[in-house]
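All of the numbers you see were taken from the coordinates with simple rules; none came from a lab. Note that the structure is a prediction, hence the values are computed from the model and not measured.
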Amino acid sequence: MERRDSERARASLLAQRESILEKATPMRNGELEIDRDDSPDEMDVALAESNQSLAGRILERESKLLSRIEEALERLDQGDYGDCASCGEEIGVKRLMAQPAARLCIECKDEQERLESRSD
């Protein structure tokens, strides 16, 4: 991978990380907690609980992405960013620009998704 491509990937990863952290802060600080005293009826409480559940799922998903971003930044520092974790071949630059935290080349990712769809 060329140096300018790795610099673009690093900038993209850092921007994604910052965006996730900014969005996650209100959820982590409990700003979405339910206050039953503020909810006049059961429908409001049910809606608030549903929203809180959704926020929890989003936070979990974003946490996983954040972890993948941190791993990608480590791979950049170690010099093995852009290598497929499955076959070891170089991941295409276009794929990395679209998905900077990608760990698999497109062929290995397709195979992984085929195997996952069979097990469902």
Partner lysines for residue 64 [C-alpha distance under 22 Å; skip if fewer than 8 residues away on the same chain]: 23, 109
For segment 3-119: relative contact order, % (alpha-carbon pairs under 8 angstrom, 6 or more apart): 26
222 nm mean residue ellipticity, helices alone, for the chain (DSSP H n ≥ 4; -39,500 (n - 2.57); rounded to 500): -24000 deg cm²/dmol
Nearest-ten-degree value, helix 42-78 long axis tilted from longest Cα axis of the chain: 20
Nearest 10 degrees, 0 to 90: helix 106-119 Cα axis against the chain principal axis: 50
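Please report, largest first and rounded to whole Å, the three semi-axes of the ellipsoid equivalent to the chain, where each semi-axis is the square root of five times an eigenvalue of the C-alpha gyration tensor. Walk me through the numbers on the way to the answer.
Working: eigenvalues 279, 73, 16 Å².
Its equivalent ellipsoid spans semi-axes of 37, 19, 9 Å.
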